[in-house]
Each structure stands twice: as structure tokens, then as C-alpha cells.
Amino acid sequence: MLSASATTSKSVAVDTDPSSITTTPQKFNNKFSFDTFNSPFHTPSLFVTNAPIKNNDVFNTFYANADVFNHHNYQNQSYHHHQYANQFTPEFYGIMADVESSGTRTPSPRNESLAIATTRDDLFKMEPPFLYHQQHQRKNEQTSFQPIFDDINGRNQLMEANEVIQNLVRQMNQKNIEIERQRVTIVNMQTTIANKDLEYKDQEQAIVKKLNEKNCQLALYQSFLKSKGFDLSCLVEESSDSSRLFEFSEDVSTSKRCGIIESDMSNALLDKSCSSSLSSVSNHTTSTVAAERKVNSNAIEYRRMLDKNVNIDWSLLVDRITKETDQQASIFMQQKLKCATTEQKQLIFKATLEQAYELMTNRFGNFLVQRQLELGTTEQIEALVQKMKGHILELTCEPFGCHVVQRALDCVDETSKASLVSELLVRIPETITHKYACHVWQKVFEIRWQNPPPPIMKHIHQSLENQWDRVALDETGSLVIQNIFENMTEIDKRPILNEVLDNIVPIAKGQWGNWVVQHVLEHAEKNDDRERAFQIVINESVQLSMDQFASKVVEKALRIGGQQFMKKFIQYISNNNVTFRPRMALIDIASDQYGNYVVQWLINNACEEQKVHICRLIKRHMVSLRGSKYGQRVAFLVDKVLRNHEITTYPTGSN
């Protein structure tokens, strides 16, 4: 609450006539009281209950008379003086003083209350709008006072900011309009494209329909010509160099019939608008009726040339195969050989024989030569063999010629076969491991001779003695050896088998040689050879199991060796005295990158007793296995197996 003296002075100031108020600056309490914010514009007296309000210069400013207020040195003094001089009357300051001394403050009125309050009594009940009320202060009662005085710079900045915002809004609206226009344009383009697609599909359907109609009309014209007595063998077609591939001729009995045909065909063409025109029929006794369809030489209609009565320039087609690698020409000539007459087959063979070697080494021509070897007569086949002689080595090493040699070995007689094979014996080491020649050698080993065979294997053994291990390690050589094991007699393959068994370990470690060893383990005819191979696998089981390719040989032996071999294998790798290692070989194999697959196979496929025995042996070394990248797989499998058995780190029977 305010003091009594302050209340009395303020009451006197209010009751006094405004004209009698002196303009002499009144002196108030000039002792400033700043709060914790150290700001002269923060007045705790306005917010703290029962606190003295007249203890800072803000009160002096707000409750001074007009002269004192106007003479204070504030920023923008001239602006306030001219704009607000008439508003701050002595009566107004008297009202402010009386309101300040009225004690408890009333809530600040709303804007509409200011408009309604017209009497002086109402003004006494309202607080000035620039004073803060307690309900607007912060919860910690620490708020800064903000003066109400106008600031031209602030207004200018606000106006500039408003203009900037308006410009941004206009730009945004323009961008939105442009985006909308682009969207509409894209939608229109998509619609246009869709319409064009529909139009193209309609046009395509119409073209197909017309094409079908023209084909029907062409068939009708051909039947019409046949009904008139013409024997149409084919149509005349011209190549780019004006050379005719085939032609046909017709005999017309009378010129009257020719005239009728000419008139009927011309009228039909005019009515139907047929794309292919028939040439006019002459009025001579012998005339030629040609329906020339101008076709490019690269798009020959071979289907029309399959007729038996067609005479074709076969040499030209052979040239197309050898020079242009024309696949369709090769297919056509192969099909023609099936349905051609004897005379036509002879013409085809004659044209083929002229360029036999070129066709044999051609991508598509080799199939034509193979078909002639199948369907040709004995004389024709013999003639082709004569063309091949002297070039067997070259053809055998050719990617396409090797197929022709293999076909020839199937089709020619034994004398010719022996003659062809004899050329291969010149370079056995090079050809037997060749990428393409190895297939020819496999065909040689598959030949079933009716008469005593030539000494082929004798020459091969002489050339490859003590070299079969090298052949077995080769990609194609391993296939040749397996083919020999399957097709040759015991006498012929015994030297090879002995060399393989003597070098079984290095061969088993080869990428391709391991397949040879697996073949011996599984398909060796004599039990002695199989037992010898199995025993070598057991004796060298440690190094074989830990090799990338030899481990496949070990798994093969375990798979086909039976329980007896598996028992010997497990006993060997579980014996600590086998190697000079501080632990049993089984643990080393289980920790290896490739050997762990062998141990996993043993655990998964062994009988229950052997499985538990292996797992108990491995259980003693679980710490080592779990610390190994590859042994972790075996350790997991061992835990899974021993889950239903007693947990022990010792084998069964040890106490």
C-alpha cells in the first residue's frame, strides 16, 4: 500500500484546476532502485505487491506534468513533441497520479472498453494501457519493462520486412502458376502420346489385315492360274547383281488362253489393288508367265524354293554361306537335301564339293557338310573324305572343323576311318589335350572296329609314356583318360591306370585330376586296383582331407567305401601316433578350411556308435575348435549330437 502522504498529494493534484498547475518541474525521489537485471526500465514496483512505486525515473517520466515530460531528453524528442503534445494534458497527468495512488490495480481494459469509457469516473477505474498487470508478468516475477514510445526506425524496418514478405509471396505465387502450367503441359503431352500409341496400334492392325488380304488374293491368283492349266513351279526373283537364283517356265497351248488369262489377271489386280503385279502374257505359242516380286538378295524366300521342280544356282548359295555366313542359306540347303531329287542332290553336292574345306571351317557351313556325310551316297562321302585328307590336323583343331571330323568317323567305312586317324597320330601330345581336338580323340576311342583295329593305343602309349599324370591334370586330358577307362580294353588302359595309381596323391590335388581318381575309386574293374586306391586315401588321409580338391576324393571314398572303410579311416585319423603332431589328426582336419567338411560328413553319415565316438573325441578339444574360424562349424555339430548323450570329455570306456 502507498503511504498517506503520497495519497494526499495525489488527491490534491487531481482536485486542482488544470490551469492552475505550475509548469515548474517537480522533483521526485531520484534515488534509483534497480533489480537483478540492472535495467532502469525494469520496475519491480509495478509487479510487487505493496511495494513503493515512486523510486525510479520511469515514475518521474510517466507522472510528471506536460512541461517536465516534454523537456526530457529522449530519443526522437521532436517526433513525440509534435505528435503527442496535445494528448498529454495536465488533466491526463493528474488522472495518472490519482490512479497510481488508488491502491489495488484493476485489470487492464480491452480495446472495446476504452471506446465505451467516456466519463472521468470510468477512467479512474481503468489502468493505463502501457502499464503491466500482474496477470501478464512472468512466473518468476522477473520481466523487463518495454516503453510504449514510437520508433521511426522500427517502423521503417517493419515496413521493409513486410514488403519483402509480400515480394516473396508474389514470387511463390508466380512459381506455383508456372508449376501448374508445366503440369498441365505434361498431362497434355501424356494424353497425346497415349492417343498416338492407339493410332499406331490401329494402323498396325490395319496393315496386318491388309497383308493377310493380299496373301489371300495371291493364293487365289495362284489357284486361278493352276485352274487355267498352268504348272507354276516358283516365282522369278532377282538379286542385286541382276543374277537370277531360280526361274520357271510354262507352256501355253494356245494364244487365246493366254489372252484370257492376261485380261482376267489385269482386271483382278486393278480391282483388288494388289501390291505384286504379274507380267503380261505374250500371244506367242510359247510364253512365260512371271510374277516378279522384287526382293533383296539378303531376304530370299527359301520356303518357296523347297519345291522339287525348282532349279537353283546352288553355287551362289554356297558363296553366300562361305562369304556372308548366311545361316538361312545353310538351313535351306540342309532341308533341300531331305526332299530333293537325286539329280538335285548331285547338283548340291557338286556345288558343295568345290568349296568343301571352306564350308567345313565355317560356322554354318559345317552343318551342311555333316548333313551330306549322313545323306550322301558312298561315292559322295568318299569324295568328301578325299577333300579332308591332308587337313585332318587343321580340321581337328578348328572349333567347327572338329565336328565334321567326328561326323566323318561315324559315317565313313573302317578303311577311311583308319586313314583319318593315322593323321592324328603325328601330333599326339599336342592334340590329346587340345581344346577341340580332345573331342575327336574321344570319338576315336569310342569306335567299335569290326575288323582288327589299328594299333592306335600302342602309338599313344609310346608318345605319352610317363606323361599320363600331366595329361590327367589337364582340363581336357582328364576327360580323355576317363573316356579311355570307359571304352578301351584292359590291355590298352593298363599302362595308364598304373601311372595314375602311382601318382594318385598329386593327381587328386589337381582341379581336374581329382575327377580321374574318383573315377578309379568308383569304376575300376579289378578289386585290386580299387583296394589300392582306397588304401592310398587312408594312408594320405590327413593331407588329402586338408586340400581343396583332394578333399572331394576323400568324401567320394567315404561315400562309396562302406562302413568298413569308414571305420578304418576314423581309426587312422584318431590315432595320436600316426603323425608327429601334439594332438590327433582329427582335430587338425576339423579346424581346416576344407577338412571341416570331411569331419561334418563323417558326423552326419556315420552310424550312431561311430558318430558318438567321433564327437566325444572332438569334445576334448572344444576350446581349440571354438577359437577356430572353421572349427566352429564342427563344434556346433558336436554339441548338437551330444545333447542327448552324457556330457563327458573322455571317450567311452576310459575311466
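A compact table of results
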quantity	calculated
Label-reachable residues, segment 155-190, where backbone N falls under 14 Å from a point 7 Å from Y200's Cα toward its Cβ	190
Cα-projected label distance for Y572 with D313, points at 7 Å along beta-carbon direction, nm	7.4 nm
Span from the segment 170-213 Cα centroid across to the segment 533-575 one, whole angstrom	73 Å
Relative packing of 543-551, 451-459, which averages over residues the other C-beta atoms within 10 Å, highest first	543-551, 451-459
For segment 452-593: span of alpha carbons on each principal axis (Å, largest first)	59, 26, 21
I207/I331 FRET efficiency (R0 25 Å; Cβ-Cβ; nearest 0.05)	0.35
Members of K210/K338; K493/K567; K209/K338; K417/K458; K214/K336; K567/K640 lying beyond 25 Å, as alpha-carbon distances in this model show	K210/K338; K493/K567; K209/K338; K214/K336
Residue exposure sequence - R183, R583, R532, R616 - by fewest surrounding Cβ within 10 Å	R183, R583, R532, R616
Whole-Hz couplings from phi, Karplus 6.51/-1.76/1.60, listed for segment 618-623; x for Gly and Pro	6, 4, 5, 10, 5, 4
Euclidean distance of C-alpha centroids, segment 415-458 and segment 353-400, integer Å	17 Å
Stretch gain in nm, segment E531-R583, where the contour uses 0.36 nm per residue and the Cα spacing is subtracted	15.8 nm
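The numbers here are math on the coordinates, done by the rules we state, and not lab data. As the structure is a computational prediction, the values presented were derived from the model and not from experiment. Neighbour counts run over all protein chains shown; Cβ positions are idealised from the backbone, glycine included.
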